[in-house]
1. Report the relative contact order of chain A, percent, no decimals, based on alpha-carbon pairs under 8 angstrom and at least 6 residues apart.
2. Can you pick out the pairs among A:K13/A:K77; A:K13/A:K217; A:K210/A:K240; A:K168/A:K240; A:K168/A:K253; A:K77/A:K240 whose Cα atoms lie more than 20 Å from each other?
3. Can you pull the mean other chain C-beta count within 10 Å for peptide A:244-256?
4. Taking R0 as 22 Å, what's the FRET efficiency between A:T24 and A:R149 from their Cβ-Cβ distance, rounded to 0.05?
5. Please compute the volume of the convex hull spanned by the alpha-carbon atoms of the protein assembly as shown and report it per residue in Å³.
6. Principal axis extents for segment A:150-256, Cα atoms only, whole Å, descending order, please.
7. With a cap of 14 neighbouring Cβ atoms within 10 Å, and only residues DSSP puts in a loop, list the GluC sites (Glu not before Pro) found in segment A:196-256.
8. When the helices in chain A are scored as -39500 (n - 2.57) per DSSP H run of 4 or longer and the sum is shared across all residues, what 222 nm value do you end up with, to the nearest 500 deg cm²/dmol?
Amino acid sequence: MLEARLAQAAVLKKTLDAIKELVTDANFDCSDGGISLQAMDNSHVALVSLLLRADGFEPYRCDRNLALGINLNSLSKVLRSAQNEDIITLKAADDPDNLSLTFESQNQDRISEYEMKLMDIDQEHLGIPETAYAAVITMPAAEFQRICRDLSGISESVTIDASKDGVKFASAGDIGNGSVTLKQTHNPEEPALSTSIELSESVTLTFSLKYLVNFTKATPLAGAVTLQMSNDVPLLVEYKMEGGYLRYYLAPKIQD
Amino acid sequence: NVSQSTIEEFYKEH
């Protein structure tokens, strides 16, 4: 059986908000290491990979591996009943038909109990090799969100060009063109406000802004975001949170 | 001409 108690419902609520528009149904794979999810969007252009490590829960117990097939929209509706500060407990039997969710207020004067039906999801699982990316850019998550939103007003696509001069986000569309260039900065008092660029070779890739804007729904989960790129492979956008991560992979647009 | 690739073109089924 699975029993996982999370001190703050907000983590799960924000995580769901960050993936539910990209993915409709997904298996939550539970093992003794924690709860993970991997799913592609309908068009197979983007992939979401979530890990909530066992040590992020207190307590966490999972006797055998379980795949909980969940409709994310349904889970999101159930989680709406949880306050951000609630303690949330997930429970499932071995070979479960239902997931049980309990929300307790901090001072335990309110206990809400929900049961959600599970579904059978036959999902392919992709093996993503460990990659040493040519460019690793860490920047404030809010800055990345703003850049994606601003450039999506100009074009459907953005070309990200990482070089020793900085990282340039450029878009060209019917109304004109625009770009934002970030230089490396260092803010020792607030590391989350720094931008760092590690580069082994220059990288230029073009991506759909629709997906990037969607990824930035994860902004409330982390102060910083990391973009990892190599020529001719998908972009990795990572939000690290306490006790896990949310990663998005985005296939590039390719010159025919 | 630019075309959108898919994730499966890069990563194989596990």
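1. Working: 600 pairs, mean separation 52.6, N = 256.
Rounded, it is 21 percent for chain A.
2. On the way: A:K13/A:K77 10 Å; A:K13/A:K217 12 Å; A:K210/A:K240 22 Å; A:K168/A:K240 23 Å; A:K168/A:K253 17 Å; A:K77/A:K240 25 Å.
Distance filter (> 20 Å) returns A:K210/A:K240; A:K168/A:K240; A:K77/A:K240.
3. On the way: counts 0, 0, 0, 0, 0, 3, 3, 8, 5, 4, 6, 3, 3.
Mean number of neighbouring Cβ atoms from other chains: 3.
4. Details: r = 24 Å, r/R0 = 1.09.
Using R0 = 22 Å, I get an efficiency of 0.35.
5. Values: hull volume 37.6 nm³, N = 270.
In the protein assembly as shown, the Cα hull volume divided by residue count equals 139 Å³.
6. 40, 27, 26
7. Working: sites: A:E198, A:E201, A:E238, A:E242; in loops: A:E201, A:E242.
Loop-located and lightly packed - A:E201, A:E242.
8. Details: 4 runs with 38 residues, N = 256.
The helix-only estimate for chain A comes to -4500 deg cm²/dmol at 222 nm.
Readers should treat all values here as calculations from the given coordinates under stated rules, not as data from a laboratory. Since the structure is predicted, the reported quantities are computational estimates derived from the model, not experimental observations. Here Cβ is always computed from backbone atoms with ideal geometry, including for glycine, and neighbour counts include all displayed protein chains.
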